[in-house]
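Here the structure comes first, spelled out in structure tokens, and everything after it is commentary.
The values are calculated or read from the model by the stated rules, or taken from the named source; none is laboratory data. Since the structure is predicted, the reported quantities are computational estimates derived from the model, not experimental observations. Heads up, the Cβs are rebuilt from the backbone with ideal geometry, glycines too, and the neighbour counts pull from every protein chain shown. For accessibility, only protein heavy atoms count, side chains too; no ligands or nucleic acids. Shrake-Rupley method; radii C 1.70, N 1.55, O 1.52, S 1.80 Å.
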Amino acid sequence: MHSAVNLKMGKREDRALLTGVHTVADVYCMGCNDRMGWYYHKASDHSQKYKEGKYLLERERLVKENNWKLDDARSG
């Protein structure tokens, strides 16, 4: 993801992931403080540079709440 809201960033660290070593920071929910995923600061491998500056959020941690309609948001 290019952006995310209601998250706070943890400490930056080098981490060995399946796609190589990346400099990442875990991201946490502002409300409950659960770890939601991580933010890619830097990728050491050139083929992984597209991840830099993006978030990886774990699907099982996300909850969709969408009880409003687009028209309601514009008129509000």
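Entry comment: accessible area of the stretch 7-59 is 64 Å² per residue, from protein heavy atoms only and a probe of 1.4 Å.
FRET efficiency for the ALA16 to ARG59 pair, using the beta carbon distance and R₀ = 25 Å, is estimated at 0.70.
Computed about its Cα centre, the charge dipole of the stretch 7-59 is approximately 120 debye, with only Lys, Arg, Asp and Glu carrying charge at their Cβ.
Expressed as a whole percent, the accessible surface of the stretch 7-59 that belongs to carbon and sulfur atoms is 52, based on a 1.4 Å probe.
For the pair MET1 and GLU52, label points projected 7 Å from Cα toward Cβ lie 2.3 nm apart. For the stretch 7-59, the calculated P(r) over all alpha carbon pairs, in 10 Å bins from 0 to the bin holding the longest distance, is 27, 53, 18, 2 percent. For the stretch 7-59, averaging the sequence separation of C-alpha pairs within contact (under 8 Å, six or more residues apart) and dividing by the residue count gives a relative contact order of 28 percent.
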